[in-house]
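See below for the structure under consideration.
The values are calculated or read from the model by the stated rules, or taken from the named source; none is laboratory data. Owing to the predicted nature of the structure, the values given are computational and were not obtained by experimental measurement. Here the Cβ positions follow ideal geometry from the backbone for every residue, glycine too, while neighbour counts run over all protein chains shown. The protein model used for the area step is the full one, side chains on, heavy atoms only, and it has no ligands, DNA or RNA in it. Shrake-Rupley method; radii C 1.70, N 1.55, O 1.52, S 1.80 Å.
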Amino acid sequence: VVTDAELSELLMRAFILRRVALISNHLGDAVVLGSRHCAKTLGIREFLERNGHPYLYLDVEQDEGARALVERFQIGPHDIPVLICRGTKVLRAPSNAEVADCLGFNAGISTDAVRDIVVVGAGPAGLSAAVYAASEGLDVLVLESNAPGGQAGSSSKIENYLGFPTGISGQALAGRAFTQAQKFGAEVAIASEAARLDCSGTPYVVELQNGHRIRARSVVIATGAEYRK
């Protein structure tokens, strides 16, 4: 993919169109049982959608099949939402990290290796850093607490981003940047929240909320802004 530009374009386009078809037809390895009145249900659906993962949604208040599953598995109101993962595992009111782990978002990503660069945040700035570093052959790991794109990823239309004079949706921009970073070999760990940075020695250490420690020769902090309300 990296060395043959013509073949790369064919493969990338095929995979992108395949994923778009799966999402639009709700064909995937995840089924979400929930309620449109439940904030946690909306949160899980947004997490899957912003990460471009296809899933089927069943509303327990409107869908007969969903009601049958609720009775069969004795699911109570406190268990909503429920994620049926790959037809084998049932998660009740899961966190984003549990969803990411169950669906294999971070499969194959090692936390033991010393990285050339760790990027904290997968917004436009973080993904740009990952693309530029990985394209130069560096070993790059991006840590993202929610989904690629950051705050820009939730925008319906961005008109002031360089290179898109007619505008582009935040999710489309994030998807393109995410795919481009992966194309060059950068790894992106989803639902991996950085909690602490230790610069007392080299390599530097980024400690995650789950206790894992990532070592890196360089750290790029691209955590974005949190606006005062």
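Would you be able to say whether some residue in the stretch 215-226 is closer than 30 Å to residue 8 by Cα and under 18 Å from the mean Cα position of the chain (by Cα)? For the stretch 215-226, residues closer than 30 Å to residue 8 by Cα and under 18 Å from the mean Cα position of the chain (by Cα): present. In the stretch 1-55, the residue that is farthest from residue 181 (Cα to Cα) out of those that are β-branched (Val, Ile, Thr), in a helix (DSSP H, G or I) and without any contact (Cβ under 8 Å) to a residue 60 or more places away in the chain is 41.
Just give me the residues in the stretch 216-229 being part of a strand (DSSP E or B) and open to solvent by less than 70 Å² (accessible area, probe 1.4 Å), in sequence order. If the condition is that a residue be part of a strand (DSSP E or B) and open to solvent by less than 70 Å² (accessible area, probe 1.4 Å), then 216, 218, 219, 220 are the ones that fit. On the given criteria, is residue 24 open to solvent by less than 60 Å² (accessible area, probe 1.4 Å) and of a type in the set (S, T, N, Q)? No. Apart from one condition, residue 92 fits all of (1) touching a strand residue (DSSP E or B) at 6+ places or on another chain (Cβ under 8 Å); (2) at pLDDT below 85; the exception is (2).
Of the residues making up the stretch 3-60, those that are under 24 Å from residue 89 (Cα atoms) and touching a helix residue (DSSP H, G or I) at 6+ places or on another chain (Cβ under 7 Å) number 16.
Here is a yes/no grid of residues against (1) at pLDDT 90 or above; (2) exposed (fewer than 11 other Cβ atoms within 10 Å of the Cβ); (3) over 21 Å from residue 149 (Cβ atoms):
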site: 8; (1), (2), (3): no, no, yes
site: 16; (1), (2), (3): no, no, no
site: 30; (1), (2), (3): yes, no, no
site: 37; (1), (2), (3): no, yes, yes
site: 42; (1), (2), (3): yes, no, no
site: 45; (1), (2), (3): yes, no, no
site: 49; (1), (2), (3): yes, no, no
site: 64; (1), (2), (3): no, yes, yes
site: 70; (1), (2), (3): no, no, yes
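Determine whether the stretch 72-87 contains at least one residue that is open to solvent by 80 Å² or more (accessible area, probe 1.4 Å), closer than 30 Å to residue 141 by Cα, of a type in the set (D, E, K, R) and at pLDDT 90 or above. The answer is no; no qualifying residue exists.
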